[in-house]
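Remarks on the structure that follows.
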Amino acid sequence: MTSRTEIRWMQLQRAGWMLWAAAFALLLALTSVVPALYARVLGLTGDTQLVAGLDNPYIVTVALAGLVILFCLYTVIQQRELHKAVSALTQEESDRADASTRLSELTALFQVSTTLQLQLRSDVILEIIVRRVVSTLKAQQASIMILDPESGDLVTRASYGLEAEFSRGALKKIGEGIAGWVALRREAVSLGEQAPSGELGKHYKENRRITSALSLPLAIGERVIGVLNVNRINHTEPFGEHHLEVLRVFAEHIAAVIDRAEVMERMGRRARELEADNEKLADLNRMKDVFLGTASHELKTPLTSVIAYAELLDDHEGKLSREQAREFVGRLRAEAQRLLSLIEDILDLSRLESGKLALKPRSIDISEVVRGAVETTRPLAQKFGVTVTAEMAHDLPQLSVDEVKMRQVIVNLLVNAVKFSPRDSAVTVRTVQDGACVRCEVHDKGPGIDPDTATHIFELFGQNVPEDAEARGGLGIGLHLVKRITEMHGGHVGVNSRAGEGSTFWVRLPVAPESHATGEHDTDHRAAA
């Protein structure tokens, strides 16, 4: 169907051709009719003066030429008016097409913003925006940089199109680069192949073939949340001013959408973090209850024994033989030592968690530490019917450790092995040299450890034995202290175990630097000899 504009255009063209045809026909008529009229006038009139005047060819020619010139002037004036009408119609059609293009672009972009009102993740929203902007504005590449409120950096969160690798992962400070300039001044810029100013020109990259570019701030009031960049690459037509205006309106609209999505995502992350923290607090609260219940039992047991033996000695003063008195005093001392060890573990755990546990290292022989730990553990082993034996290598190098804390580590390993060993079984502690380290192993004949449990065995309350607390005892912090104290010495801990085959816990400690150097020197000397 022919539009009204096309019909009017054809009418104007037809009118122009008709005007020129009428002018040409009039000229032909004048050249043929005027001489005939001239001759007829000469034949019919008897006025001598008139005849004399008409008999002069010059006067006739001038009169005829004047008529022709007047008609031509009229024709030219009419043609100019017709040309103006045609030009106005052409401009009107161009403006209508331009307005239609702008309307279609704006409609397409606002369809995107309407779509973005849905509950979508911010990364999905940004990806939709860059893809639709490239499609609507017939661009080749677009990217969105979002301002990180914590670092103050503009981070490229979405990029699409040709040469997207140049912008993907880009990081700019406010005021740095073109995007940083736009964010700092909150001003949109339109860039061509030549920089509009020297300040922006220093940010142009020679390896990019950008024909035209638009960079706009994404702002809510005075607060900038990001920058939208759109590029035409190797394109014959640059962006026009209307593209910048359309994109400016779009940028103002989507800034609120992006900000809302970012806020919702941050709130979601915070909610998840709070939920995880609540779960941790619930676990800690549960572990606290377990710990308090176990600790009260563990502390009460040696206290009860101490009180009982003290009362027994008091009630039978002077009636007990020296051997019986010595035995009771020994048991009293062992229970008091056990109580002291439990309290020390609790205090050490508190110091570790607060970062106040300080080591006092000195160069010592680890064998002496192990012997002392065995003697400390022997009364408990006798109570459980377990034998503790030590197998120590000779000529072990010196270790730079805190003797008290390292003895506590070995004692905790031995106590753990004793409590989980069957009666009439043996617990073996051995020391061996392992390269530039000394390795201390504690092996028991207990039930072993499942692989899943072994992964968390050194965590706080990692033993997970509250149901067995009455039978085995323990606060559930001993192995955690072993790990933390060993790591403070620069060492490592581990366990080798299979269900039903017992377990071997090991501690690997680095040799003191001066001992290691001396050992290497002695080895070289013996090799030379």
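What to note about this one:
One line per residue, one yes/no per condition, for (1) closer than 27 Å to Lys172 by Cβ; (2) in contact (Cβ under 8 Å) with a residue 40 or more places away in the chain; (3) assigned to a helix (DSSP H, G or I); (4) of a type in the set (Lys, Arg):
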{"position": "Phe239", "(1), (2), (3), (4)": "yes, yes, no, no"}
{"position": "Val246", "(1), (2), (3), (4)": "yes, yes, yes, no"}
{"position": "Ala255", "(1), (2), (3), (4)": "yes, no, yes, no"}
{"position": "Arg260", "(1), (2), (3), (4)": "yes, no, yes, yes"}
{"position": "Thr301", "(1), (2), (3), (4)": "no, yes, yes, no"}
{"position": "Leu313", "(1), (2), (3), (4)": "no, no, yes, no"}
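- Test result for Ala158, assigned to a strand (DSSP E or B) and either under 23 Å from Val124 (Cα atoms) or at pLDDT 90 or above (or both): yes
- Filter result for Ala142 (buried (at least 21 other Cβ atoms within 10 Å of the Cβ), at pLDDT 85 or above and under 15 Å from the mean Cα position of the chain (by Cα)): no
- Candidate set from segment 197-237 (those that are hydroxyl-bearing (Ser, Thr, Tyr) and surrounded by 13 or more Cβ atoms within 10 Å (Cβ to Cβ)); member that is modelled with the lowest pLDDT: Tyr204
- In segment 253-268, the residues that are of a type in the set (A, V, I, L, M), within 16 Å of Ala158 (Cα to Cα) and out of contact with any Leu (no Cβ under 6 Å at 6 or more places or on another chain): Ile254, Ile258, Ala261
- Test: residue in segment 123-136 that is farther than 17 Å from His253 by Cα, part of a loop (DSSP other than H, G, I, E, B) and modelled with pLDDT under 85: no
- Residue selected from segment 477-525 under the condition at pLDDT below 70 and among the charged types (D, E, K, R), by the criterion nearest to Leu349 (Cα to Cα): Glu514
- Cβ separations smaller than 8 Å between residues 6+ apart or across chains give the following pairs from segment 446-458 residues that are in the same structural domain as Arg498 (by TED's automatic domain parsing) and farther than 12 Å from Asn496 by Cα to residues that are of a type in the set (Lys, Arg) and assigned to a helix (DSSP H, G or I): Phe458/Lys483.
- Counted residues, segment 272-300 - those being at pLDDT 70 or above and either more than 23 Å from Asp345 (Cα to Cα) or of a type outside the set (Asp, Glu) (or both): 17
- Residue among Ala334, Ala373 that is among the hydrophobic types (A, V, I, L, M, F, W, C), outside the structural domain of Val438 (by TED's automatic domain parsing), more than 19 Å from Gly490 (Cα to Cα) and crowded, with 19+ Cβ neighbours inside 10 Å: Ala334
- Restricting segment 171-190 to residues that are surrounded by 17 or more Cβ atoms within 10 Å (Cβ to Cβ) and not β-branched (Val, Ile, Thr), the residue that is nearest to Gln140 (Cα to Cα): Ser190
- Residue in segment 140-153 that is more than 14 Å from Gly226 (Cα to Cα) and either outside the structural domain of Ile225 (by TED's automatic domain parsing) or of a type in the set (S, T, N, Q) (or both) present: yes
- Restricting Glu353, Glu441, Glu368 to residues that are more than 25 Å from Gly502 (Cβ to Cβ) and within 46 Å of the chain's Cα centre (by Cα) narrows the list to Glu353.
The values are calculated or read from the model by the stated rules, or taken from the named source; none is laboratory data. Bear in mind the structure is a predicted one, so any value in this text is a computation, not a measurement. All Cβ positions, even for glycine, are placed from backbone atoms using ideal geometry, and neighbour counts span all protein chains on display.
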